[in-house]
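Following: one structure in structure tokens, then a few remarks.
The values are calculated or read from the model by the stated rules, or taken from the named source; none is laboratory data. Just so we're clear, the structure is a prediction, and the values are computed from it rather than from any experiment. A quick note on method: Cβ atoms are made from the backbone with ideal geometry, for glycine too, and the neighbour counts reach across all protein chains shown. Note: areas computed on protein heavy atoms with side chains; ligands, DNA, RNA excluded. Shrake-Rupley method; radii C 1.70, N 1.55, O 1.52, S 1.80 Å.
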Amino acid sequence: MSLRLGDIAPDFTAETSLGTLNFYDYLGNSWGVLFSHPADFTPVCTTELGKTAALKEEFAKRNVKPIAISVDGVESHNQWIGDINETQDVSVQFPIIADEEKHIAGLYDMIHPNSSETVTVRSVFIVDPAKKVRLTLTYPASTGRNFNEIIRVIDSLQLTDQHKLATPANWINGDDCIVTPAVDTTKAKELFGDVKEVKPYLRYVKQPNV
Ligand code: BEZ
């Protein structure tokens with residue numbers, strides 16, 4: 001069965017472009033973004049890994065470690081990293097797992113046989129420091145993912161873990177937030193100051209700590 005939100009992300013030990021790695025040890029107390037791609041030396045994947053490398057500082061600021069995976073081998077990954085660095089003007093420093101036996105792809109349900117029997121789809125798992133799965137998404141091979149969106153979700157998760165808030169459609173860090181239904185307006189004013197009540201169930205406050 002596929003992993004669901006709130007499940008514990010399965011641990012594994014794997015060969016990667018940075019050597020043998022244990023997932024939990026690698027993450028330590030960080031958040032993780034585990035993302036699969038169909039194959040090395042393919043154009044969309046090249047841009048995706050380039051974008052991830054370019055966002056290195058943004059991930060680091062949020063205490064997030066990216067880790068990529070495909071069913072290609074370590075040698076292939078290492079050669080391809082050279083191409084990514086050259087064509088995307090980056091330095092890929094996060095590990096790329098070589099899941100040739102498809103062990104991790106199986107654990108995370110990354111192969112969707114009706115799409116392809118042999119390669120991993122574009123899955124993303126955001127894992128929190130307690131190793132809980134906090135987001136899953138799956139994109140088709142033909143559509144590159146938006147890694148700014150992954151950062152945006154992490155901002156929302158980290159904010160709403162700390163405060164009794166939710167974030168509205170298209171929210172970005174710094175925008176007004178939504179008071180969750182469990183908090184009454186008197187309490188919301190105590191916690192967040194001014195409350196803009198559009199409807200009793202739709203109440204906005206300034207984002208705390210900006
Ligand atoms: C790509 O990354 O460019 C790609 C991979 C598999 C199918 C189509 C495109």
ask   = To the nearest Å, what is the center-to-center distance of segment 194-210 and segment 45-117, using C-alpha atoms only?
value = 39 Å
query = Between THR143 and GLU101, how many nm apart are label points set 7 Å from Cα along the C-beta direction?
reply = 3.4 nm
query = Under the rule of -39500 (n - 2.57) per DSSP H run of 4 or more residues, summed and divided by the residues of the chain, what mean residue ellipticity at 222 nm is obtained, to the nearest 500 deg cm²/dmol?
reply = -9000 deg cm²/dmol
note = Amide H proximity to LEU18 below 5 Å, modelled H, separation 5+ or other chain, gives ILE96
key: Karplus-derived HN-Hα couplings along segment 199-205 (A = 6.51, B = -1.76, C = 1.60, θ = phi - 60°), whole Hz, x at Gly and Pro   = 9, x, 9, 10, 10, 10, 9
note = Between the Cα axis of helix 43-54 and the main Cα principal axis of the chain, the angle (0 to 90°, nearest 10) is 60 degrees
remark   = Charge dipole of the chain built from unit charges on the beta carbon (Lys, Arg +1; Asp, Glu -1), centred at mean Cα; most positive-end Cα among ALA166, TYR108, HIS77 is ALA166
Nearest-10 value in Å² for the accessible area of THR138, using the 1.4 Å probe = 80 Å²
request  = Enumerate the whole-percent occupancy of each 5 Å bin, from 0 to the last occupied one, for all C-alpha pair distances of segment 163-205.
outcome  = 5, 26, 38, 21, 9, 0
ask   = Tell me, what HN-Hα J-couplings in whole Hz come from the Karplus equation 6.51 cos²θ - 1.76 cosθ + 1.60 at θ = phi - 60° for each residue of segment 107-114, using x for Gly and Pro?
value = 4, 9, 6, 8, 10, 10, x, 6
key: Globularity index of segment 1-99, i.e. its alpha-carbon radius of gyration over 2.2 N^0.38 Å   = 1.06
query = Can you give the percent of C-alpha pairs in the chain whose distance is more than 30 Å?
reply = 29 percent
inquiry  = Using the Karplus curve 6.51 cos²θ - 1.76 cosθ + 1.60 with θ = phi - 60°, what ³J(HN,Hα) values do you get for each residue of segment 150-158, in whole Hz, with x for Gly and Pro?
reply    = 5, 4, 4, 5, 4, 4, 5, 4, 5
ask   = How long is the gain from PHE41 to LYS61 if the chain were fully straight, where each residue apart is worth 0.36 nm and the alpha carbon distance is subtracted?
value = 4.3 nm
note = Quick tally, 1.4 Å probe accessible area for ILE150, ILE178, sorted with the most first, runs ILE178, ILE150
ask   = Can you give the translational diffusion coefficient of segment 45-89 in µm²/s, computed by Stokes-Einstein from the Kirkwood radius over Cα pairs at 25 °C and 0.890 mPa s?
value = 217 µm²/s
query = So in the chain, what percent of DSSP beta bridges are antiparallel if you round to the nearest 5?
reply = 70 percent
